[in-house]
1. Each label point is 7 Å from the Cα along the Cα-to-Cβ direction; what then is the distance between the points at A115 and S11, in nm?
2. Under a straight-distance cross-link criterion of Cα-Cα below 23 Å, which lysines are reachable from K38, leaving out those fewer than 8 residues away in the same chain?
3. If the convex hull of the alpha-carbon atoms of the chain is projected onto planes in all directions, what is the mean projected area in square nanometres?
4. Just to confirm the filter: which trypsin sites (Lys or Arg not before Pro) across the stretch 61-128 are DSSP coil and have at most 10 other Cβ within 10 angstrom of their Cβ?
5. For the chain, which longest stretch is free of loop sites, where a loop site is one of the chymotrypsin sites (Phe, Trp or Tyr not before Pro) that DSSP puts outside H, G, I, E and B and that has at most 15 other Cβ atoms within 10 Å?
6. Please give, to one decimal in nm, the separation of the simple spin-label points placed at I58 and I80, each 7 Å out from Cα toward the Cβ.
7. Fully extended, how many nm does the chain gain between V102 and I46 (0.36 nm per residue separation, minus their Cα-Cα distance)?
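Quick note: the coordinates plus some simple rules give every number you see, no bench work behind them. Predicted model, so just to flag it, every value in this text is computed and none were measured. Glycine also receives a Cβ, built like all others from the backbone with ideal geometry; neighbour counts cover every protein chain displayed.
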Amino acid sequence: MPQEQSATSDSTTTLSDLKTLIQDFVDQRDWNQFHSPKNLSMSMAIEAAELMEHFQWISMNESREIPDDPEKLHDVGEEIADVLCYAIALCNQLDLDISTVVTNKMEKNVVKYPAEEFTGRYGHKHRT
């Protein structure tokens, strides 16, 4: 039986919807005065560090087991949401189109890391 979708999901919510949701939240609290690109980038880094704390001192295999622990998965999801909210708020402040910047970056990555050379390998070129 297919899993029932919630009112919001990746398949039904657009990036524009998320940008508006975050901008409305910021506007309703008059926080634009605090949301400089500097402050938002710093806040994003702080939240990323809080995300990393959930994986500190555990093995790679243990980190792959997070989805099996609903409480840990919830806590990790909250930190990911914080990072994403700040990233989207930063895009709002800089008037960046997320789809454009991500697509452009991935096009550069395809050239920088060709699949035939990097499949199954870390993303660093080996010196010969």
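1. Between A115 and S11, the simple spin-label model gives 2.4 nm.
2. Cross-link targets: K19, K105.
3. Values: hull surface 47.9 nm².
With every direction weighted equally, the projected area is 12.0 nm².
4. Working: sites: R64, K72, K105, K108, K112, R121, K125, R127; in loops: R121, K125, R127.
Passing both the DSSP loop test and the Cβ count: R121, R127.
5. Looking at the chain, 58-121 is the longest stretch - no exposed chymotrypsin sites (Phe, Trp or Tyr not before Pro) with at most 15 other Cβ atoms within 10 Å.
6. 1.3
7. Details: separation 56, 0.36 × 56 = 20.16 nm, distance 2.19 nm.
Roughly 18.0 nm would be gained on extension.
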